[in-house]
Structure formats: C-alpha cells, structure tokens
Amino acid sequence: MDRDRLLAAAPLLAASIWGGMYVVSKWGFRSIPPLTLAFLRIALGAGVLYIAVRATTPARSFDRSEWRRFAALAVWLTAALSTEFVGTDLTNASQGSLLTVLTPVFMLVLGVTALGEHLTRRKSLGTALATVGTLVVLSGQYDAAALAGGNPAYFTNPGQ
C-alpha cells in the first residue's frame with residue numbers, strides 16, 4: 001500500500017478503534033473502576049509526554065506559570081474522562097458512544113478556558129452542529145421528557 005492510501009485509511013482506523021472503545025470500556029470497568037482508570041490514563045499520558053519532550057528537546061525548561069497550566073489541564077482532562085467513564089459505566093456502550101459526538105463542545109470549552117483560544121464563528125458553528133446532531137439522534141431514539149427528567153432506569157432500559 002502506498003503512503004497516500006495509508007494516510008487516507010488512518011482516519012478510518014482511528015474511528016474504528018474509537019468506536020470500539022465503549023465496548024472495551026464496559027468490559028474493562030469490571031476489573032478497574034472508572035475513576036481509577038481515568039486517573040491512570042491521565043498519569044500515564046502525562047508521563048509519556050514528559051519523556052517525549054525530554055527526549056526531543058532536553059534543554060527545554062518550564063516556568064511556574066506553565067506548570068500551573070499543565071496542572072489545570074490535568075484537572076480538566078481528569079474531570080472530562082471521569083465523567084465520560086462513569087457515564088459509560090452507568091449506561092450501555094451504544095448510548096455512551098453518542099456522548100462522543102459532543103466532544104467538540106468540550107474541546108471548545110477547554111481551548112477557550114485553558115489555552116486562551118478565541119471563540120470564532122467557525123468554532124461556534126461546528127459546536128452548534130455537533131450539539132444539534134446529537135439532539136437529532138437522541139430525539140429519534142429516546143423520549144426527551146424522560147431524558148430531561150434524568151430517570152437513570154431509562155438510560156439502562158430504553159423504551160420502558
């Protein structure tokens with residue numbers, strides 16, 4: 001396979017792996033609780049990134065404000081993963097995957113709050129489209145009143 005075809009197939013592979021994450025997560029939560037897994041994932045990721053920075057730019061140093069921003073990012077990501085994992089644990093895999101459609105909303109908030117990115121019209125439109133798309137999918141499968149009421153039994157037993 002030539003390089004261009006391989007690069008073109010990469011997003012499909014990523015989507016396939018990401019799509020299977022919920023099934024694997026449900027299985028994995030039997031062994032590792034969701035909050036423990038979220039913490040371990042952030043800690044492992046931070047360690048690997050730190051090693052990568054040290055390996056590629058050994059002279060790079062970080063000042064106090066950068067370390068504070070890293071800490072804030074770690075807290076934010078831990079909170080995001082914790083809510084995702086707990087939500088996945090409390091519902092079924094197919095319903096959990098629908099929450100992934102809202103990832104652009106959370107990433108926009110993270111970019112604006114943690115990284116100081118500007119909220120552009122394009123970003124706002126993309127976020128609105130992700131939100132509307134999620135609502136369209138959910139409205140066709142679930143009773144909106146039951147979802148708004150927060151009935152936990154409804155999430156695990158839709159249609160009842």
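The values are calculated or read from the model by the stated rules, or taken from the named source; none is laboratory data. The shown structure was predicted, so the numbers you read here are calculated from the model rather than taken from an experiment. Don't worry about glycine lacking a Cβ; one is built from the backbone with ideal geometry, like all the others, and counts go over all protein chains shown. The area values use the complete protein model at the heavy-atom level, side chains included, leaving out ligands, DNA and RNA. Shrake-Rupley method; radii C 1.70, N 1.55, O 1.52, S 1.80 Å.
So here's what we get for this one:
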item: THR83 more than 22 Å from THR131 (Cβ to Cβ), assigned to a helix (DSSP H, G or I), open to solvent by 60 Å² or more (accessible area, probe 1.4 Å) and of a type in the set (Ser, Thr, Tyr); result: no
item: Some residue of segment 45-61 being at pLDDT 90 or above and within 15 Å of SER82 (Cβ to Cβ); result: yes
item: Segment 1-56, residues that are part of a loop (DSSP other than H, G, I, E, B) and either open to solvent by 60 Å² or more (accessible area, probe 1.4 Å) or in contact with a Pro (Cβ under 6 Å, 6 or more places away or on another chain) (or both); result: MET1, ASP2, ARG30, SER31, ILE32, PRO33
item: Residue within segment 142-150 that is over 30 Å from ARG68 (Cα atoms), touching a Pro at 6+ places or on another chain (Cβ under 7 Å) and modelled with pLDDT under 70 present; result: yes
item: Checklist (1) open to solvent by less than 70 Å² (accessible area, probe 1.4 Å); (2) modelled with pLDDT under 80; (3) not in a helix (DSSP H, G or I) applied to GLN160, failing item; result: (1)
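This table checks each residue for (1) closer than 23 Å to ALA114 by Cβ; (2) out of contact with any Leu (no Cβ under 7 Å at 6 or more places or on another chain); (3) not aliphatic (A, V, I, L, M).
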{"site": "LYS26", "(1), (2), (3)": "no, yes, yes"}
{"site": "ILE42", "(1), (2), (3)": "yes, no, no"}
{"site": "VAL48", "(1), (2), (3)": "yes, yes, no"}
{"site": "ARG54", "(1), (2), (3)": "yes, yes, yes"}
{"site": "PRO58", "(1), (2), (3)": "no, yes, yes"}
